[in-house]
1. What is the mean number of Cβ atoms from other protein chains located within 10 Å of the Cβ atom of each residue in peptide A:90-100, rounded to a whole number?
2. For a bin width of 20 Å, list the pair-distance distribution of the protein assembly as shown built from all Cα-Cα distances, rounded to whole %.
3. Ranking request for peptides A:139-148, B:40-49: highest mean number of other beta-carbon atoms within 10 Å first, then the rest in descending order.
4. If you place +1 on the Cβ of every Lys and Arg and -1 on the Cβ of every Asp and Glu, how big does the dipole about the Cα centre of region B:1-61 come out, in debye to the nearest 20?
5. Which residues among region B:364-380 fall inside the zone where the amide N is under 16 Å from a point 7 Å beyond the Cα of B:LEU234, along Cα→Cβ?
6. Check which residues have an amide H placed less than 5 Å from B:TYR140's amide H, if you skip close sequence neighbours.
7. If I take all pairs of Cα atoms in region B:312-357, what percentage of them are more than 14 Å from each other?
8. Give me P(r) over region B:170-278, computed from all C-alpha to C-alpha distances, binned every 10 Å, as integer percentages.
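What follows draws every value from the coordinates through simple rules; no lab data is involved. The structure displayed is predicted, hence computed values, not measured ones. In this analysis, Cβ positions are derived from the backbone assuming ideal geometry, glycine residues included, and neighbour counts consider all displayed protein chains.
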Amino acid sequence: MVTAVSFTLNGTAVAAVAEPAETLLSVLRHRLGDTSPKAGCLQGTCGACTVLLDGEPVLSCLLLADAAEGRRVETVRGLADGPTLHPLQEAFMDRFAAQCGFCTPGMIMAAKALLDRNPNPTREEVIEAISGNVCRCTGYLPIIEAILEAARRLAARR
Amino acid sequence: MRIRKELFADERDDDLAIVGKPVRRQDIEGHVTGRTTFFDDRLVPGLLHIRCVRSTHDHARIRAIDTREAERVPGVRRILRWADLPKKAHNILTIFNFGIDDEPALADGKVRYRGEPIVAIVAESLRAADEAVAKVRVDYDPLPAVFDVEEALKPDAPLVNEYIGRNWFRYWGDYDCQQIRFGDVEAAFRQADVIVEGRYQMSPIEHAPLETQGCIVVPGEDGRFTVYTCTQGLHFSLDNTAAQLRLDTNRLHFIGGTVGGGFGGKVDTVVEPLAVLAAMLTGRPVRYVFTRAEEMQVSSPRGAERVYITDGVTRDGRILARKIVHYHDAGAYSRLSTYGTIKSAAHHPGPYWIPNVWVDSFCVFTNRTPSSAMRGFGVTGGDFALESQMDAVARAIGMDPLELRIKNAYRDGDMKAHRKLTEGAALIECIQVAAELARWPLSEEARSASSRIGGGGDRGRVPPTPPARTRLSDRGEGERGRETSRIDAAERPSARATTPPPSWLRSEARAVEARAVEDGARRAAEGGEGRRREEQEPPEPPRPASGHGALRFSSVFGSRRR
């Protein structure tokens, strides 16, 4: 028995079938082909599956797909404006804030949620915002620097 | 960042293109846009999924496996057992003609560590596979288990691995350990002012990559199998999968290159053989990915190591002799621990010129999770012990720890315990610069020391060396262990001919040269001064069994080539 679920994915209306108890992560990856959110632990501890639901960061590996019905879902795939990367993406590239890249999509989405509601965060607020996202390779310092750098670039743009 | 160009100025080429300049990773745009394709980002329709029934015991005989109920779970397509394996036991180094095939991909009637795979369920969904796993009944006959390397070497210890036949690995068909014999440590201990003993122990360490290991196998219409995998050694895993399944290598097409965190934990080629076998037997694409719990519990960690060091030191800070016994806990199977043990022996006695060195480095089997490669394995644990010991020596004689290191550091022209002359030494200069930056006061003598001055001469010769010591195997047939090799005074010449390590390993991994030990012994017996060994052109390396010429030990395991 499958059910239908529909929501907005990165600004586009989408619909998919989902099995009972299928997670949003599974629907995004396997039904809709957006593989940018990653399955790192499937138990809500690593943050690699982080996406935004109506602007709030959520763990898509724990969230049932039904919960997204009629709502707005954002992933890192939708962050760039055509060929123009988001300042967070640019800053992650400039600051060497990714090594293997597996945590990066979730990390950037957690950072975006922060900057959307707090455009001028302190270092402590950045650390708090990514405290649910595990990075095993680069260490957190370049990631924190990249998020602060992105905030500065966004401020300069305004 | 500042490059200290005044150091070794005449040797330098300071036209550096990369060092000291920020460089953007070539793959980073894919990472920040979410377009980097990891193996599990391949969307393949009609996938079957693998889950394994895993041992709940550390060591047990398996009396019976009842899969009847599991077979009736809807969606189960196949249950793989040991009997289905084309090759009944394997080790990933035997494709290089090294080691012993000692690990069955599925339990062979015995389990040797907790979490060992017993049968593999192949099902239409993970949910069906998990349900079937829960319905497999395994009847165990528990056996006594051993978890400590020194316990495992005792004569009454339970035998962990029957393929090996004893609880330690035997090198070059003869040596119970990797050995270094250089000078006469016992005589030097008698001349020392202070003896400093240390025991160092490190725990296993899990790599914990964000991406758990796995692969997706897709059967092609041409009889080939495409394998999307996160392996760190693409050719190495391809050859090992082919060897384990007794397939020609051209039946496999491995696609990888993007690893979601490896750190050495993704070279063991644990998932690919079972997934390809399942694809062969079902004709369907198959996905086998570790859960987070499997990644933490059963993927190889860095092994536990225990190191005993005894140093004979003069009051003014000269290390006259260093004796080391190094135990590597391989867990239940070799994997790459045999090689890690070689690396540890090649690394001792640290970056110091010590005129008398004695090392035994053992690869020991226990009922722990098999350990394997991780970031400098063999070297890292040894360094932890060696540098902790240097600090202990400094405390024991009341000397500054950096001064002690500078005083004993290798200098150009020094003979290493491995019969290689030191070239391009730079430890002294590194310490001097680090001390300066840390505002750590050094004496005038330490500040004026140089890697280029004071080495060579008498320090450049192989000292008279007593004959190689007794081997465990000389103690009588059928004896599987012994109390401890830590201090074993009963050294006597061995009648056995030594088997030198194969040349490919000697040149690539800088293994201990057993022959050189014998040379030193012979010179000592003749009463002559040791002399620098003539560098010999290494003979052609043997062809790997798989016929893949591109395979090189060092490129797989990250040891550096000059």
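1. Numbers: counts 2, 1, 4, 7, 3, 1, 5, 3, 8, 5, 14.
For peptide A:90-100, the averaged partner shielding equals 5.
2. With 20 Å bins starting at 0, P(r) equals 15, 42, 33, 9, 0.
3. Details: A:139-148: 19.5, B:40-49: 16.2.
Averaged packing, sorted descending, gives the order A:139-148, B:40-49.
4. On the way: 12 positive and 11 negative charges, 96 e Å.
Charge dipole of region B:1-61: 460 debye, to the nearest 20.
5. No residue passes the distance filter.
6. Result for B:TYR140 returns B:ARG63.
7. Numbers: 600 of 1035 pairs.
Value for region B:312-357: 58 percent of Cα pairs lie more than 14 Å apart.
8. 12, 29, 20, 16, 12, 9, 3, 0
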